[in-house]
1. For Ser124, indicate whether it is at pLDDT 95 or above and either among the polar types (S, T, N, Q) or closer than 14 Å to Gly7 by Cβ (or both).
2. Identify the single condition in (1) touching a strand residue (DSSP E or B) at 6+ places or on another chain (Cβ under 6 Å); (2) outside any strand (DSSP E or B); (3) within 30 Å of Gly144 (Cβ to Cβ) that Arg317 does not satisfy, given that it satisfies every other one.
3. Identify, from the list Lys332, Lys306, the residue that is touching a residue at least 40 places away in the same chain (Cβ under 8 Å) and surrounded by fewer than 16 Cβ atoms within 10 Å (Cβ to Cβ).
4. Does Ser152 satisfy the criteria of being away from the ligand (no atom under 12 Å from the Cβ) and polar (S, T, N, Q)?
5. Pick out the one residue from Pro202, Pro180 that is touching a His at 6+ places or on another chain (Cβ under 9 Å), touching a residue at least 60 places away in the same chain (Cβ under 8 Å) and either not in a strand (DSSP E or B) or not aliphatic (A, V, I, L, M) (or both).
6. Assess whether Val90 counts as being surrounded by fewer than 23 Cβ atoms within 10 Å (Cβ to Cβ), part of a loop (DSSP other than H, G, I, E, B) and at pLDDT below 95.
7. Do you know which of the residues in region 95-137 that are acidic (Asp, Glu) and within 21 Å of the chain's Cα centre (by Cα) is farthest from Ile159 (Cα to Cα)?
Amino acid sequence: MKILVTGGNGYIGSHTCVELLNNGYEVVILDNFSNSKKENLAKIKEITNKDFKFYEGNMLDRSILDTIFTENKIDAVIDFAAYKAVGESVLKPVEYYTNNISTVLVLLSAMKDYNVKKLVFSSSATVYGDPEVIPITEECKTGGTTNPYGTSKLFVEQILKDLYNSDNTFDIAILRYFNPIGAHESGIIGEEPNGIPANLLPYVCKVASGKLECLSIFGNDYDTKDGTGVRDYIHVVDLAIGHIKALEKLNKEQHGLFIYNLATGTGYSVLDIVNAFEKVNGVKVNYKIVGRRAGDIATCYSNPTKAKEELGFIATRTLEDMCRDAWNYEQKNR
Ligand code: WQD
């Protein structure tokens with residue numbers, strides 16, 4: 001099977017391409033390097049010793065999709081191409097809605113024209129807003145999103161549901177990620193955000209390596225066990241494997257739209273993460289408690305039963321694995 005992976009050079013995209021290639025899939029990557037470095041492409045080849053086709057471009061440009069679908073018989077698409085920084089989305093809503101929604105509309109139009117009907121879509125736990133029920137299941141209410149990033153993902157989910165209702169020859173898997181962290185065990189690829197990291201673990205790595213002075217912990221007055229925010233952290237390689245499982249589901253089923261949380265089902269606080277990182281890696285992470293970050297919620301973790309029962313997906317890598325692999329990447333890519 002030949003899979004088009006949009007945003008396939010990015011953090012989650014590159015880890016997923018490694019798993020696809022290692023599982024015998026042919027891969028075509030489309031990326032515009034807006035949030036990744038060109039050398040990632042060679043790193044994917046280095047890890048897998050497999051080749052793939054690459055196209056540079058933005059999905060807003062329909063012609064690049066015409067070229068790809070004309071030159072390749074694509075069996076399915078995995079769409080990662082989106083901006084994903086919650087805080088940045090509050091400052092740049094138009095850019096986020098354009099990049100995260102308009103690109104999907106162009107992609108879906110091209111898929112219909114070329115009769116490519118299988119899609120795995122990269123969605124997010126942020127579509128649940130401030131969850132009413134914890135742990136979160138896929139049946140929980142969505143909406144009440146607290147930032148344009150989460151709203152953009154919510155809008156695309158609605159677009160996909162409307163598309164499926166209009167044409168149920170589509171096979172669609174919507175995957176809601178919780179907090180992806182860590183890196184491939186080789187340390188060759190990992191999370192390399194442009195500029196100052198917005199997310200917790202990459203920031204912790206930079207403090208541990210001395211590139212940043214001190215971690216600011218955004219609030220310790222939440223209604224949690226130690227007052228700091230609780231999240232469901234999932235190893236990025238487990239997350240990548242979840243995409244393989246979703247593809248297998250779409251290949252088995254006779255059409256459908258499926259929604260899954262990809263998570264571990266365990267919530268860890270910010271202080272849990274800092275303590276685990278220090279213990280596993282034998283390093284010190286300087287931190288200070290500061291005020292809450294706008295848009296943050298206290299607690300968010302999943303009930304991962306549905307993905308286990310319907311996809312046979314279970315996240316197996318531990319918090320220690322996540323901390324060790326993230327630090328290994330940081331040290332190898334100083
Ligand atoms: C985690 C915890 C912060 C940084 C992210 C992505 C979003 C989505 C879900 C994919 C919170 C605290 C953080 C720091 C801190 N991913 N924190 N100091 O906000 O849960 O959302 O995962 O769809 O795209 O943004 O992740 O890593 O930013 O925060 O105290 O410097 O760490 O308050 O409790 P978040 P995060």
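1. yes
2. (3)
3. Step by step, each of Lys332, Lys306 is checked, and only Lys332 is touching a residue at least 40 places away in the same chain (Cβ under 8 Å) and surrounded by fewer than 16 Cβ atoms within 10 Å (Cβ to Cβ).
4. Values: away from the ligand (no atom under 12 Å from the Cβ): no; polar (S, T, N, Q): yes.
No, not satisfied.
5. Pro180
6. So Val90 fails the test.
7. The first filter runs over region 95-137 and keeps only residues acidic (Asp, Glu), leaving 95, 113, 130, 132.
Imposing the further condition that a residue be within 21 Å of the chain's Cα centre (by Cα) reduces the set to 95, 130.
Details: Glu95: 19, Asp130: 22 Å.
Here the residue is Asp130.
Residues are listed down the side, and each one gets a yes or a no for (1) out of contact with any strand residue (DSSP E or B) (no Cβ under 6 Å at 6 or more places or on another chain); (2) over 18 Å from Ile12 (Cβ atoms); (3) at pLDDT below 95; (4) surrounded by fewer than 16 Cβ atoms within 10 Å (Cβ to Cβ):
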position	(1), (2), (3), (4)
Ile188	yes, no, no, no
Leu201	no, no, no, no
Gly219	yes, yes, no, no
Tyr222	yes, yes, no, no
Arg231	no, no, no, no
Val236	no, no, no, no
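The values are calculated or read from the model by the stated rules, or taken from the named source; none is laboratory data. Being a predicted model, the structure only gives us computed values, none of them experimental. Using ideal geometry, Cβ is built from the backbone for each residue, glycine included, and neighbour counts are taken over all protein chains shown.
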